[in-house]
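One structure, pasted below without further comment.
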Amino acid sequence: MTRWRPVRLARAHDETPGSRTLVFDAPGWPGHLPGQHVDVRLTATDGYTARRSYSLAGAVGVELTVERIDDGEVSPYLTDQLRVGDQVEIRGPIGGWFVWRPAAAPVLLVSGGAGIVPMMAMIRARREAGVDTPFHLVHSLRSPDRLHYASELLRPDPGVRVSLLYTREAPGGHPRPPGRLTAADLDPPGAACFVCGPTDFVEAAADLLVGLGHDPGVIRTERFGPSGS
Ligand SMILES: Cc1cc2nc3c(=O)[nH]c(=O)nc-3n(C[C@H](O)[C@H](O)[C@H](O)COP(=O)(O)OP(=O)(O)OC[C@H]3O[C@@H](n4cnc5c(N)ncnc54)[C@H](O)[C@@H]3O)c2cc1C
């Protein structure tokens with residue numbers, strides 16, 4: 001396991017009303033593959049520590065997007081308390097399976113809520129690599145104000161198709177009525193599949209993909225369940 005590394009918050013902005021993107025100054029960061037995550041460790045003055053996992057959102061550098069869980073221990077601190085210049089520790093990059101490496105095979109990304117974070121890293125890495133691999137992002141979110149990376153995702157990116165599925169409230173004129181992910185929202189077999197989000201979302205999406213005939217061996221999943229020590 002890699003060592004803990006002190007990093008300082010360099011800049012931050014609200015991503016949605018409930019989430020914040022944090023960019024850390026991480027000297028000596030070795031780089032990472034899109035889809036990998038880091039563990040973040042907080043240490044209180046009395047020595048108590050808490051650690052949680054967060055996906056890397058950028059193609060380069062240490063950028064995280066944290067969704068606030070109101071009764072959570074770590075996420076409200078990261079979204080509401082951490083100030084530019086403050087230090088935390090991170091360990092990583094972690095993960096070797098849920099990663100995208102530039103390849104020709106089409107890619108289907110299926111995310112729910114904050115599960116979009118590693119998908120954004122993959123879309124950014126695709127752009128950075130200058131490849132034309134077809135990507136289709138199918139993203140499930142509660143309502144329009146919950147869209148992470150909105151300006152970037154809504155901007156045309158040749159070869160990247162974005163399908164937004166609203167579960168509670170869709171914007172006026174949206175072609176699909178609000179509702180949960182169904183098989184009709186997904187593509188037929190032929191793509192490398194990445195699925196990320198809350199555990200129940202990931203399980204439902206993976207079942208739908210298998211039901212459509214996708215080979216379970218090409219479906220990579222990442223569950224954003226509780227991750228504390
Ligand atoms: C590999 C991996 C990558 C992750 N990447 C991200 C990321 O990019 N962005 C991000 O915001 N989160 C991510 N998570 C989730 C993150 O690690 C924490 O679990 C989350 O921030 C909650 O921590 P907390 O200390 O605030 O809540 P806790 O104090 O751990 O939990 C408080 C309450 O919320 C529930 N809870 C915990 N986690 C979640 C959750 N994810 N969804 C709903 N309820 C929850 C708990 O069961 C508990 O009831 C990732 C998790 C994993 C395993």
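The values are calculated or read from the model by the stated rules, or taken from the named source; none is laboratory data. Here the structure is a predicted model, which means the values were calculated and not measured. Cβ sites come from the backbone with ideal geometry, for glycine too, and all protein chains shown count toward neighbours. Ligands, DNA and RNA are excluded from the accessible area calculation, which covers all protein heavy atoms including side chains. Shrake-Rupley method; radii C 1.70, N 1.55, O 1.52, S 1.80 Å.
What area, in nm² and to one decimal, does the C-alpha convex hull of the stretch 7-102 cast on average over all directions?
6.7 nm²
Next up: Quote to one decimal, in nm, the extra length available between residue 218 and residue 50 on full extension: 0.36 nm per residue of separation minus the C-alpha distance between them.
Between residue 218 and residue 50, full extension yields 57.1 nm more.
For residue 143 and residue 101, compute 0.36 nm times the residue count separating them, minus their Cα-Cα distance, and round to one decimal in nm.
Here the answer is 12.0 nm.
Still on this structure, I have one more. In debye, nearest 20: dipole of the stretch 56-102 around its Cα centre with unit charges on the Cβ of K, R (+) and D, E (-)?
Computed about the Cα centre, the dipole is about 360 debye.
In addition: Just the accessible area for residue 127, please: 1.4 Å probe, Å², rounded to the nearest 10?
Per-residue accessible area (residue 127): approximately 100 Å².
Something else: What's the angle, to the nearest 10 degrees (0 to 90), between helix 199-211's Cα axis and the longest principal axis of the chain?
30 degrees
With no solvent and one equal point scatterer placed on each C-alpha of the chain, evaluate the Debye formula and give log10 I(q)/I(0) for q = 0.08, 0.18 Å⁻¹, two decimals.
Log-scaled intensity ratios, in q order: -0.28, -1.42.
Right, another one. Around residue 23, what is the net charge, scoring Lys/Arg as +1 and Asp/Glu as -1 over all other residues with Cβ under 9 Å from its Cβ?
Local charge sum for residue 23: -1.
Okay, moving on. Work from the charge dipole of the chain (Cβ charges, +1 for Lys and Arg, -1 for Asp and Glu, about the Cα centre) and give the residue of 59, 206, 72 farthest towards its positive end.
It is 59.
Counting Lys and Arg as +1 and Asp and Glu as -1, each charge on the Cβ, what is the dipole of the chain about the Cα centre in debye, to the nearest 20?
400 debye
Turning to a different aspect of this structure: For a Förster distance of 22 Å, can you work out the FRET efficiency between the beta-carbons of residue 71 and residue 25, rounded to the nearest 0.05?
After rounding, the FRET efficiency stands at 0.15.
A follow-up question, please. Which net charge results for the neighbourhood of residue 202, defined as the other residues with beta-carbon distances under 9 angstrom from its beta-carbon, given Lys and Arg at +1 and Asp and Glu at -1?
Residues near residue 202 contribute -2 overall.
Per-residue accessible area for residue 169 at 1.4 Å probe radius, Å² rounded to 10?
110 Å²
Assuming 0.36 nm per residue, please report the length gained on full extension of the stretch residue 80 to residue 127 beyond their Cα-Cα distance.
Residue separation times 0.36 nm, minus the Cα-Cα distance, leaves 13.8 nm.
Is the stretch 130-229 rounded, prolate or oblate when judged by the Cα gyration tensor, a ≥ b ≥ c being the square roots of its eigenvalues, rounded requiring a/c under 1.5 and prolate requiring a/b larger than b/c?
rounded
Output the 0 to 90 degree angle, nearest 10, between the alpha-carbon long axis of helix 116-129 and the longest principal axis computed from the alpha carbons of the chain.
That helix lies at roughly 80 degrees to the long axis.
Then there is this: At residue 176 and residue 94, where each label point lies 7 Å from the Cα along Cα→Cβ, what is the point-to-point distance in nanometres?
Between residue 176 and residue 94, the simple spin-label model gives 3.1 nm.
Once you've got the GNM for the chain with C-alpha springs shorter than 10 Å, pick whichever of 163, 140, 151 has the biggest mean-square fluctuation.
Maximum fluctuation in the GNM of the chain, among the listed residues, is at 151.
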